[in-house]
Amino acid sequence: MTDETAGVGTERRPGVVAREVSGRDVDVMVIGAGQAGLSAGYFLQRAGFAPETGYLLLDAGGGPGGAWRDRWPTLRLGGVHGIHDLPGLALGEPDPDRPAAEVVADYFGAYERKFDLPVRRPVNVIEVRDRADGRLTVRTDAGEWTARALINATGTWRHPFWPYYPGQWSFAGRQLHTADYRGPAEFAGRRVVVVGGGTSAVQLLDEIAEVAEATRWVTRRPPVFNDGDFTEERGRAAVARVDETVRAGRPPSSVVGVTGLVWTPQTRRMEAAGLLNRLPMFARITPGGVVWPDGSSFDADVIFWCTGFRAVLDHLAPLKLRAPGGGILMDGTRVVTDDRVHLIGYGPSASTIGANRAGRDAVREIRRLLDAAPATLG
């Protein structure tokens, strides 16, 4: 992540807004300026909230693009499930061979400029706390703001999930996560275990296998491949399944994870080459590799954990939003125990399909809430 800090008095330009240490008061604070955050900003503007005082977006990135900025350079636009258009501005038909990170950063930057969205970056939110007057304090590395309501759109990318297996820290080779991947060259001549059953695991296994000495693909459950393209209807069905989970107060599963894998020319080629001969999870890790319950083993130089991400919510811990089941009890985008707080890019809206609708729904509820309450300041 680029540390592109602009000081007070710095000339403003699209994507980078001067950081000012200030105790500002806003009606609605949006944390995150990825797809979900930009969607919220668009609908806040349409709902009549004024930039800077009515609403503000805080983003930790060094420029537009959200988590897409950090995607590996070899991920081409044609290799992603699909990017749903943001409201009011279509993505168009960019070259599918361009890096997805570049395409999305350009698109999000154009979106911020077109609608003149008030994005402050890079600003890292440290914590959100309740105040005696009913407002929320948003403490950041660029000062404090207060807000009457909060839309959290921080996504998952900055919270990679690393599972634990016996002997993991004795491994003499290298362990890395999808979030660390920058290309296949560093795997040249290596013996690699790729762990994970998602689309990213399969795509990166294909890249790595071209240069590695040997690979093994390991998943907790047998992978399910579906025929046909990843359609919007299939995506919406997956969103509905995740929605059931968060309404019960359980931690959400990944929207992409419940869609399954898709048979494509790439995966058919991988199957023919024997790359999709999936193995069950190993039982333990040794200094030299991994061992399965039946005693079989694989000598490895690298264990590559393509094991997904968890929601970035630690900054909300002071609000005590978590339910006994470990998740946050949700009704749509609204946190049931605190109707000032909405989560988008969380659970069912953690996809390009669900983010736009979630932004619209959150703003509608917040508008209703704030219209019914006095706008007092402490």
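The values are calculated or read from the model by the stated rules, or taken from the named source; none is laboratory data. Note that the structure is a prediction, hence the values are computed from the model and not measured. Here Cβ is always computed from backbone atoms with ideal geometry, including for glycine, and neighbour counts include all displayed protein chains.
Do you know which residues across segment 195-216 are among the hydroxyl-bearing types (Ser, Thr, Tyr), part of a helix (DSSP H, G or I) and more than 14 Å from residue 261 (Cα to Cα)?
Filtering segment 195-216 for residues among the hydroxyl-bearing types (Ser, Thr, Tyr) gives 199-200, 215.
From the residues that got through so far, the ones that are part of a helix (DSSP H, G or I) too are 199-200.
Across segment 195-216, there are no qualifying residues.
Output the residue which, of all residues in segment 123-134 that are in contact with a Leu (Cβ under 9 Å, 6 or more places away or on another chain) and farther than 14 Å from residue 318 by Cα, is surrounded by the most Cβ atoms within 10 Å (Cβ to Cβ).
123
How about segment 33-49: which of its residues are in a loop (DSSP other than H, G, I, E, B) and at pLDDT 95 or above? Reasoning before the result, please.
Taking segment 33-49 as the starting set, the residues that turn out to be in a loop (DSSP other than H, G, I, E, B) are 33-34, 47-49.
Scanning segment 33-49 gives 33, 47, 48, 49.
Inspect segment 85-93 for any residue being acidic (Asp, Glu) and at pLDDT 95 or above and give the result as yes or no.
First, the residues of segment 85-93 that are acidic (Asp, Glu): 85, 93.
Now drop any that are not at pLDDT 95 or above, which leaves none.
Within segment 85-93 (the criterion being acidic (Asp, Glu) and at pLDDT 95 or above), the answer is no, since none of the residues qualifies.
Quickly run through segment 282-334 and pick out the residues that are outside the structural domain of residue 355 (by TED's automatic domain parsing), among the acidic types (Asp, Glu) and in a strand (DSSP E or B).
Across segment 282-334, the qualifying residue is only 299.
Given the options 172, 185, name the one that is under 24 Å from residue 281 (Cα atoms) and of a type in the set (A, V, I, L, M, F, W, C).
Of the residues listed, the single one that is under 24 Å from residue 281 (Cα atoms) and of a type in the set (A, V, I, L, M, F, W, C) is 172.
Just to be sure I understand, how many residues within segment 299-319 are surrounded by fewer than 19 Cβ atoms within 10 Å (Cβ to Cβ) and farther than 18 Å from residue 162 by Cβ?
Here the count works out to 3.
Checking the conditions here, which among 197, 189, 155, 173 is surrounded by 19 or more Cβ atoms within 10 Å (Cβ to Cβ) and either under 25 Å from residue 38 (Cβ atoms) or in contact with an Asp or Glu (Cβ under 7 Å, 6 or more places away or on another chain) (or both)?
Only one candidate qualifies: 155.
Filter segment 116-153 for residues that are touching a helix residue (DSSP H, G or I) at 6+ places or on another chain (Cβ under 8 Å) and part of a loop (DSSP other than H, G, I, E, B) and give the result.
117, 118, 153
Which residues, counting only those in segment 53-91, are within 22 Å of residue 206 (Cα to Cα) and among the aromatic types (Phe, Trp, Tyr)?
68, 72
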